[in-house]
Amino acid sequence: DAKTTQPTSMDCAEGRAANLPCNHSTISGNEYVYWYRQIHSQGPQYIIHGLKNNETNEMASLIITEDRKSSTLILPHATLRDTAVYYCIVRPLRTNAGKSTFGDGTTLTVKP
Amino acid sequence: NAGVTQTPKFRILKIGQSMTLQCAQDMNHNYMYWYRQDPGMGLKLIYYSVGAGITDKGEVPNGYNVSRSTTEDFPLRLELAAPSQTSVYFCASSLGQGESGNTIYFGEGSWLTVV
């Protein structure tokens, strides 16, 4: 599975858009980009995934660059409850379950 | 539909004791996983299973055992508990096939302290 690089931490003002970057320069053509988040003391939660087209759901938007080497998770109007660790993971559709690993993620702090 | 259910939520063990963390999912998922997360650290994969009767080691399997006798259940056994096993344990599952097959669903965690 392709390796991902994320900033260790980011801050965002409440009500503003939070833009979380992820670099995955070695991504393969059949690999999807997944985003999860983990709010303190809770189990990680799936947010969104995409292959090459931009995706949007009720939680967030995912923007993938044309060359697919990087992506950005956008929380359009961040709230204090969005403070969490955000994980970017790259994985093919048919994955080796043993490679279902998570990196260290980005700690997003939303400030009032 | 309860998702992934873990028990117990909290447990204190003495060094050398053994215990089993229970995990059940009701989504008919093929894949199940056990992760541990030490304070301030990321998730580490302990064991995983791709179906009933099939299990394999992840990144940090030492000191643990698992079994998968049914699709629904994936218990994690700690033998001879050590302080280094103090951690939060997360059970998870995924369908394992189809476009949504890689979406992993997590339980709420089990906090284990070994003293």
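Couple of notes before you dig in:
- Those residues of segment A:1-28 which are surrounded by fewer than 17 Cβ atoms within 10 Å (Cβ to Cβ), in a loop (DSSP other than H, G, I, E, B) and among the polar types (S, T, N, Q), in sequence order: A:Thr8, A:Ser25, A:Thr26, A:Ser28
- Flag if B:Asp73 is within 13 Å of chain A (Cβ to nearest Cβ) and acidic (Asp, Glu): no
- Test: residue in segment B:5-14 that is in a loop (DSSP other than H, G, I, E, B) and within 15 Å of B:Asn102 (Cα to Cα): no
- Segment A:44-60, residues that are away from chain B (no Cβ under 11 Å) and either surrounded by fewer than 17 Cβ atoms within 10 Å (Cβ to Cβ) or outside any loop (DSSP other than H, G, I, E, B) (or both): A:Lys52, A:Asn53, A:Asn54, A:Glu55, A:Thr56, A:Asn57, A:Glu58, A:Met59
- Scanning segment A:1-43 for residues being within 11 Å of chain B (Cβ to nearest Cβ) and without any contact (Cβ under 8 Å) to a residue 40 or more places away in the chain gives a total of 3.
Here's the yes/no breakdown for (1) of a type in the set (Val, Ile, Thr); (2) not in a strand (DSSP E or B):
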site: B:Pro61; (1), (2): no, yes
site: B:Arg68; (1), (2): no, yes
site: B:Thr71; (1), (2): yes, yes
site: B:Leu80; (1), (2): no, yes
site: B:Tyr89; (1), (2): no, no
site: B:Ser93; (1), (2): no, no
site: B:Gly96; (1), (2): no, yes
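- Looking only at residues in segment B:76-105 that are crowded, with 21+ Cβ neighbours inside 10 Å and more than 21 Å from B:Gly16 (Cα to Cα), the one that is farthest from the other protein chains (Cβ to nearest Cβ) is B:Ser93.
- Hits in segment A:61-95 (condition: in a loop (DSSP other than H, G, I, E, B) and either within 11 Å of the chain's Cα centre (by Cα) or at the interface with chain B (Cβ under 9 Å from one of its Cβ atoms) (or both)): A:Leu93, A:Arg94, A:Thr95
- When every residue of segment B:17-31 is checked against the conditions, at least one turns out to be under 15 Å from the mean Cα position of the chain (by Cα), within 11 Å of another protein chain (Cβ to nearest Cβ), at pLDDT below 95 and assigned to a strand (DSSP E or B).
- Residues located in segment B:46-59, provided they are in a strand (DSSP E or B) and either under 15 Å from B:Gly96 (Cβ atoms) or touching a Cys at 6+ places or on another chain (Cβ under 8 Å) (or both): B:Tyr48, B:Ser49, B:Val50, B:Gly51, B:Ile54, B:Thr55, B:Asp56
The values are calculated or read from the model by the stated rules, or taken from the named source; none is laboratory data. Keep in mind that what you see is a predicted model, and the values were worked out from it rather than measured. All Cβ positions, even for glycine, are placed from backbone atoms using ideal geometry, and neighbour counts span all protein chains on display.
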